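Throughout, read-outs are computed from the coordinates displayed, never taken from laboratory work. Just so it is clear, the model here is predicted, and its values are computed rather than measured. Here Cβ is always computed from backbone atoms with ideal geometry, including for glycine, and neighbour counts include all displayed protein chains.
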Amino acid sequence: MDNIKSNLEYDYLKYNLEEVNVNINNAYEKSEKLVDKVTLVAVSKTKPYKDIEALFSFGQKEFGENKVQELVEKLESNNDEIKWHFIGHLQRNKVKYIIGKTKLIHSVDSVKLAAQIEKEAEKLNEKIDILLEVNIAKEESKYGFLKEDIDSAVKDILKFNHINIRGLMTVAPYTDDKESNRTYFKELRLLKEELNNNNRSLNMDQLSMGMTNDYEIAIEEGATIIRVGTGLFGKRDYSK
Ligand SMILES: *Cc1c(COP(=O)(O)O)cnc(C)c1O
């Protein structure tokens, strides 16, 4: 690790991390402090493991991946201190590869997927923390429950003994006008409260919302988890 710390090649990661953490604190101070704290998940998709290792050496402990194969490869590093978040669309036949290996699965978008997680979790005899993904802006291209379907999904998933529904997640529309996402973040927070009120045994305390473009707005609206990729690691190259 020492050789990484002193390696100028990774200085930009150190500065980016510092900058994002300063922005998080400022946004939090400015907010109504609807939550106790905000957790930064560093989205490392497409980035090599050495970038993760460098950011880890600068103090970042939680990382997010959106592809099963890529997460599995990065898990081979065997750094137990890293907490992994799965944030991408999860196919049912791939649940077995990541079950029990993540701190949180953010992207449960169907009851069938939850049923598969239940099945694999039962084999492990573990309780798995999940978030339900909501397509809050009703975008064609996005995964997630529609607002009107989620109460019935919650009721079905609450029957599973090896799943703990910790909260909601959304991927807000990509926009140059980040203020325009404020209404969606607020809607997600209110939806979480409504679902908690409607379901006795539900006690969701997490809201995963906000990415590089809009995480400050998300924090002002009560995010407990933000997922930042580009703002930490720089632009992604999908050509490879
Ligand atoms: C890629 C990704 C992010 C991070 O996006 P940036 O704009 O690079 O911060 C966050 N959440 C999900 C679900 C993603 O797939």
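Is it possible to state the helix-based mean residue ellipticity at 222 nm for the chain, with each DSSP H run of 4+ residues giving -39500 (n - 2.57), the sum divided by total residues, to the nearest 500 deg cm²/dmol? What is it?
The per-residue figure over the chain is -11500 deg cm²/dmol.
Based on the alpha carbon coordinates of the stretch 57-105, what radius of gyration and maximum Cα-Cα distance (Dmax) apply, in Å?
Just the Cα atoms of the stretch 57-105 yield Rg and Dmax of 10.6, 36 Å.
Based on a Kirkwood Rh over C-alpha pairs, give the Stokes-Einstein translational diffusion coefficient of the stretch 4-66 at 10 °C and viscosity 1.306 mPa s in µm²/s.
This corresponds to a translational diffusion coefficient of 123 µm²/s.
About the Cα centre, and with charges only on the beta carbon of Lys, Arg (+1) and Asp, Glu (-1), how big is the dipole of the chain? Nearest 20 debye, please.
680 debye
In debye, nearest 20, what is the charge dipole magnitude of the stretch 99-210 about its Cα centre with +1 on Lys and Arg Cβ and -1 on Asp and Glu Cβ, if you could check?
It comes to approximately 360 debye.
Give me the percent relative contact order of the stretch 193-236, please, defined on Cα pairs under 8 angstrom at least 6 residues apart.
Across the stretch 193-236, relative contact order equals 31 percent.
Compute the separation of the alpha-carbon centres of the stretch 139-169 and the stretch 31-104 and state it in Å as a whole number.
21 Å
Treating only the Cβ atoms of Lys and Arg (+1) and Asp and Glu (-1) as charged, compute the dipole magnitude of the stretch 31-150 about its Cα centre; round to the nearest 20 debye.
140 debye
Need the full-extension length gain, N25 to R92, defined as separation in residues times 0.36 nm minus the C-alpha distance. One decimal, nm.
Residue separation times 0.36 nm, minus the Cα-Cα distance, leaves 20.4 nm.
Stokes-Einstein at 20 °C, 1.002 mPa s, Kirkwood radius from Cα pairs: D for the stretch 168-240 in µm² s⁻¹?
Value of D from the Cα-based Kirkwood radius: 162 µm²/s.
Give the dimensionless ratio obtained when the Cα radius of gyration of the chain is divided by 2.2 N^0.38 Å.
Dividing the Cα radius of gyration by 2.2 N^0.38 Å gives 1.00.
Rank by packing, highest mean first: peptides 194-207, 96-109, with packing defined as the count of other Cβ atoms within 10 Å averaged across residues.
Result, highest mean first: 96-109, 194-207.
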